[in-house]
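Structure record follows, encoded as structure tokens.
The values are calculated or read from the model by the stated rules, or taken from the named source; none is laboratory data. From a predicted model like this one, the values you see are computed outputs, not experimental measurements. Counting neighbours? That spans all protein chains shown, and the Cβs are built from the backbone with ideal geometry, glycine included. To get the accessible areas, we keep the full protein, side chains included, count just its heavy atoms, and leave off ligands, DNA and RNA. Shrake-Rupley method; radii C 1.70, N 1.55, O 1.52, S 1.80 Å.
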Amino acid sequence: KFRPAEPDDSLRARHGLFGKFVCGYIGTIGLAHGLDIVLDAAEKTKDDERLVYLLVGEGARRSHLEADARRRGLANVVFTGEVPRDDVPKYLSVCDAVLVHLKKAELFESVIPSKVFEIMGSGRPVIMGVRGEAARIVSDAGAGICIEPEDVDGLITAIGRLRNDPKAARAMGRAGRAFVEANYGRVKLAAKYLKLLSAVSL
């Protein structure tokens, strides 16, 4: 389901994304995800009419963040609410960069959010705001830019790098796709599990 695709024009029209650089976040908008970073970045860049932050999903913090965005007058933040699982690839297609983020905590350094593989499979560059193994995967793949969790200026800088060098951004997307094909495809993983099971059953 997750593969490089041309941007879905119906979604771009629905959410006013034509002519914009879209930094997306797709997934649960919960307590652990620290997505105040997006609103803080949006406030610092609100005078940039060609940059938009797209938050796709639902969760315990969504209503709070949406109310806070209205209070701050952040017209550059778009909330879609929950979308059907089958529509996630379409939303990935309209993103120029996709944020993966968790709060700064040692607990999360061993976490690998599954969405990173979907983003890489879709050929989109990742902005990785999670320390540890998740950051190592993105770094090893050359699939995006790693930032410190909760680092607002780091997020803005990463967006600027990808926006100002679209050739490099596309190369990161291709590298991510190639990395998951080589290492995390279902057939590859099934073969690894079969080898492991064969070894332990002897």
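When we screen Ala171, Ala143 for residues that are over 26 Å from Val77 (Cα atoms) and modelled with pLDDT of 95 or more, the only hit is Ala171.
Summed over region 17-51, the residues that are hydroxyl-bearing (Ser, Thr, Tyr) and over 18 Å from Pro89 (Cα atoms) give a count of 1.
Residues are listed down the side, and each one gets a yes or a no for (1) in contact (Cβ under 8 Å) with a residue 12 or more places away in the chain; (2) aliphatic (A, V, I, L, M):
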| position | (1), (2) |
| --- | --- |
| Gly24 | yes, no |
| Ile29 | yes, yes |
| Asp36 | yes, no |
| Asp47 | no, no |
| Val56 | yes, yes |
| Gly59 | yes, no |
| Arg62 | yes, no |
| Leu65 | yes, yes |
| Asp68 | yes, no |
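Scanning region 167-195 for residues that are touching an Asp or Glu at 6+ places or on another chain (Cβ under 8 Å) and touching a residue at least 60 places away in the same chain (Cβ under 8 Å) yields a count of 1.
Could you list, in sequence order, the residues of region 176-188 that are open to solvent by 30 Å² or more (accessible area, probe 1.4 Å) and more than 15 Å from the chain's Cα centre (by Cα)?
Those that are open to solvent by 30 Å² or more (accessible area, probe 1.4 Å) and more than 15 Å from the chain's Cα centre (by Cα): Ala178, Phe179, Glu181, Ala182, Asn183, Tyr184, Arg186, Val187, Lys188.
Screening region 132-202 for helices (runs of 4 or more DSSP H) wholly inside it with 3 or more residues that are closer than 29 Å to Lys44 by Cα returns the ranges 133-141, 152-164, 166-183. Being at pLDDT 95 or above and closer than 24 Å to Gly57 by Cβ is the requirement here; does Phe117 meet it? Considered against the rule, which asks whether it is at pLDDT 95 or above and closer than 24 Å to Gly57 by Cβ, Phe117 comes out as yes.
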